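Structure record follows, encoded as structure tokens.
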Amino acid sequence: MSQTLSPFEILARYERLSLTHASDTPEKLEAPGLWRGIGYRVGSRLFVSGIDEISELLAVPLLTPVPGTQAWLLGVANVRGNLVPVVDLSRFLFGERTLHTERSRLLVVRQGAGSVALLVDEVFGQRTVDTEARRAAEQEDDPRLSRFVEERVGEPRLAVFSMGRLVRAPDFRQAAA
């Protein structure tokens, strides 16, 4: 004769079963030899930045222009009650304006005590790069990018872009015209 379980006992049993299957999850997330990043496009160039360097992805909100600033500083946006400067990354890097489309996104990056949002043409989502791909990496040959990009990895070639180097660059920090 089968024993009837109370709803609480059924839930407790499901919890025990789920915990036994989830025990190796942190090991999978922190797999040695794997590097995780967010892939995105700026103009015709493909980039990837460390997943730990980008705090969030946003659709482009309304922007308030700031007079007397560089052309690449598009303005400020209200992001959950915080004013965040918005930079057109293509215009900063290449001098070419990003056309706003439904695929355009903002990458929010920490900068000092605040944040800055970078307008990009498109976000591809998470990319994983293994040790083998890092060994087969090519050096960046575009002088406009070499101070932010050490290598290009994977297929298609993604330039590994350092957000930390970008936000510390003197010309990036000087947005006044």
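Every number here is computed from the coordinates shown, using simple stated rules; none is lab data. These figures come from a predicted structure and were not determined experimentally. Note that each Cβ is placed from the backbone with ideal geometry, even for glycine, and that neighbours are counted across all protein chains shown.
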Computed over the chain: longest principal axis from alpha-carbon atoms vs helix 7-22 long axis, angle to nearest 10 degrees, is 50 degrees
With every atom except the alpha carbons ignored, what do you get for Rg and Dmax of the chain, in angstroms? 21.4, 83
Tabulate in residue order the Karplus-calculated ³J(HN,Hα) for the stretch 154-166, using 6.51 cos²θ - 1.76 cosθ + 1.60 with θ = phi - 60°, rounded to whole Hz; enter x for Gly and Pro. x, 9, x, 5, 10, 7, 7, 9, 8, 5, x, 5, 4
Across the stretch 91-97, in residue order, what do the Karplus-derived ³J(HN,Hα) couplings come to in whole Hz, using 6.51 cos²θ - 1.76 cosθ + 1.60 with θ = phi - 60° and x for Gly and Pro? 5, 5, 6, 10, x, 10, 6
Return the sequence-ordered ³J(HN,Hα) values of the stretch 108-121 in whole Hz as given by the Karplus equation 6.51 cos²θ - 1.76 cosθ + 1.60 applied to θ = phi - 60°, using x for Gly and Pro. 8, 10, 6, 9, x, 8, x, 9, 9, 10, 10, 7, 10, 5
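If the only charges are +1 at each Lys and Arg Cβ and -1 at each Asp and Glu Cβ, what is the size of the charge dipole of the chain around the Cα centre, to the nearest 20 debye? Display every interim value, and only then the final one.
Details: 22 positive and 23 negative charges, 88 e Å.
Using only the charged Cβ atoms, the result is roughly 420 debye.
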